Amino acid sequence: MCPSYRYGHKCLKSCGHCYDDKPCNIVTGVCTDGCIAGFKGEKCNSGCDPNSYGKDCNRTCGNCRPPRTCNEMTGLCPAGCDRGYIGRYCHDECGPGFYGMDCADTCGHCVGNSTCHHVTGECLEGCEPGWSGPFCDNNSTVLPGCHTGVYGENCQHTCGRCLKGACDHVTGVCKGGCARGFRGDVCKEECSHGQFGENCSQSCGHCRHASSCDPVNGICEKGCLAGWQGVFCLDNCTAGTYGEDCKFLCAHCKDGDGCDSVTGACSEGCEEGWSGEKCDQGIPKAAPNFHSTPTFPLLIIALIVAVVMISAFFIYFVVVRPRKHALRRLYNATSTEHLTNTYEQIVGSPWELQRGQLNLGNELLGNGQFGQVKKGQVKISGNKIPVAIKSLKDNASEKDKRDFLNELSIFKRVGKHPNVVCLVGACHIRGVMYVAMEYAKHGDLRTFLRQSRRLTSLHEYDNTTSPFLHTALRPQALIKLSLDTARGLKHLADKQIIHRDVAARNVLLADKLVAKIADFGLSKNDQTYVKTSSTRVPIRWMAVESLFNNTYTLQSDVWAFGVLLWEIFTLGGTPYSFIDSQQLFTYLKDGSRLRKPRLCDQDMYAMMLQCWNDSPERRPRIEELSARLERMLENSQVYMNLNVQEESMYAEIDHEREN
């Protein structure tokens, strides 16, 4: 019997979007009660055709503004209504006396107060006396009028970026002023350096490296000058911080006084034991005069050292060395010397766990062809800590064993970080190696996002018993998940670790929805790695240099991070779901990229596109992405437009052979 929402041979396939969130047929995958809104087909895994929406895609969209069609689930027009139509679903024609886009234009002087055509604005029954033209807006003293949005002789010029309404049909002047980012009488000039806002009337803040702010919203995209902080770089550093974006903490200034917000210098001097302009250099203490100490204590110390050394030799030759030989028999000489010694380095180290410390449970967290992960507990200092315990099956090949040891080696090098799943310890029992990792109780990010999306699409999230799913729909939470992941990748980059499989399925969620990078099975401890083996790789997340040249660098992980951002803002969509794997090579080579998700603003999508630059050197570094996400989180409403009513579903496909 397959678990819920799985079907087919060995239950490897995922059910589609069945109505009322019911499981599909475990053999065929068919949804017996139809599909949820936005999907069609027997298995409910195909999105609606253009201009259709609703349950089983059986409804027709209204008159949406081209080139966008309506939302496949709700039927709403995300870009607004086409000319001549209004209403929630854009089915209603303009009311009497109005026409055009959003019914914002007023009819001319039609005869007898009759209305004009709701799309074109033409007076169908003629004009009042003294007026002429198809729109009845011309008289003897005024030049023939142009359509909305154009002006000048023969109406050959396009209006600029007017703030309110269209420009004057004769002069092109925007009477209501210019929209954000533009200036001038006709509102076609972009803001000059250091200006932004409506009519370019506002000055930028203290942006870094003399860079200008965004001419539309005034945000300093490259950060703030030393001494300033905030998304607009208008706020002084708070007490105790200094430098660019105020990201540095003052050192040991005298009496706890704050340092200079620009340089970090302590104007009032340093605390005792510290020196330097910033009071960040410790003063070495004078070494004690051992010649003046009595001889007897030295003899006691020498005796203790001798006892410790004898004990260490005894433990090594009686306990440790036999265990090393047993491990070599378990993992034979086909592994490289570095990997063979990985567990030997754990023996006797803080990472080693004794058999009595490890409690292996029965709850299966993950299961593969050659390995499995179960929930368990590790007893440390009298406390029982929940952990995820990874082990190999009996039928594991030598390659699987090497990969297992490689991941353990990477775990050791990673160390501790709040946004990385860290190693708790390891031991081997009766010839089986067990690796205990931090336990993330909310599972992987992709599944979590898809559950959030499903609850959103059914408008059930207000009734759910999980407050975390409700939280995941908030704009700040999605940006925080992105920032957590970026911080985890920055820590790996600092350790010169190339992850090679950055994806939502490999990000786990711990308490309070803290995202943690996981799964180092494909990771390499090298600045540049050229792949020569036939290991399966996640091609839909891979950078172009990895796809075409089998080359992996830290900047290849940046490309994959861009795809991960796309997954987050599509709530768990599958990248490039509309093409197969072989077509992907041509698609990327032609310069095509993933489309902008509807849940993110242009600034977030611009970050994604920068991550997908053909040249690795021109992609932003992960520390830069982390800093930018921090600023986005400060003012998340600027970057997000999360509206449940306008949220669209993205394809949800499992590519087992590619992932």
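Before moving on, here are some points about what is shown:
- Computed from the C-beta positions of Phe313 and Lys441 and an R0 of 56 Å, the FRET efficiency is 0.80 to the nearest 0.05.
- For segment 6-88, alpha-carbon Rg over 2.2 N^0.38 Å: 1.31
- Net +/- balance of residues flanking Asn199 in space, Cβ distance below 10 Å, scoring K and R +1, D and E -1: +1
- Residue-by-residue Karplus 3J(HN,Hα) for segment 106-118, coefficients 6.51, -1.76, 1.60, Hz, glycine and proline x: 9, 4, x, 8, 6, 4, x, 6, 6, 8, 9, 5, 5
- When the pairs Lys441/Lys495; Lys13/Lys589; Lys390/Lys416; Lys480/Lys512; Lys390/Lys441 are compared against a 20 Å limit on Cα-Cα distance, Lys441/Lys495; Lys13/Lys589 fall above it.
- As a proxy for reagent exposure, Lys175, Lys374 were ordered by neighbouring Cβ count within 10 angstrom, fewest first; the result is Lys175, Lys374.
- Span from the segment 152-181 Cα centroid across to the segment 369-404 one, whole angstrom: 67 Å
- Net charge over other residues, Cβ less than 12 angstrom from the Cβ of His417 (K, R count +1; D, E count -1): +3
- Burial ranking of peptide ranges 108-116, 240-248 (average Cβ count within 10 Å, highest at the top): 240-248, 108-116
Taken together, the values in this text are just the output of simple stated rules run on the coordinates, not laboratory data. Since the model is a prediction, treat every value here as computed from it, not as a measurement. Note that we place each Cβ from the backbone using ideal geometry, even for glycine, and neighbour counts take in every protein chain shown.
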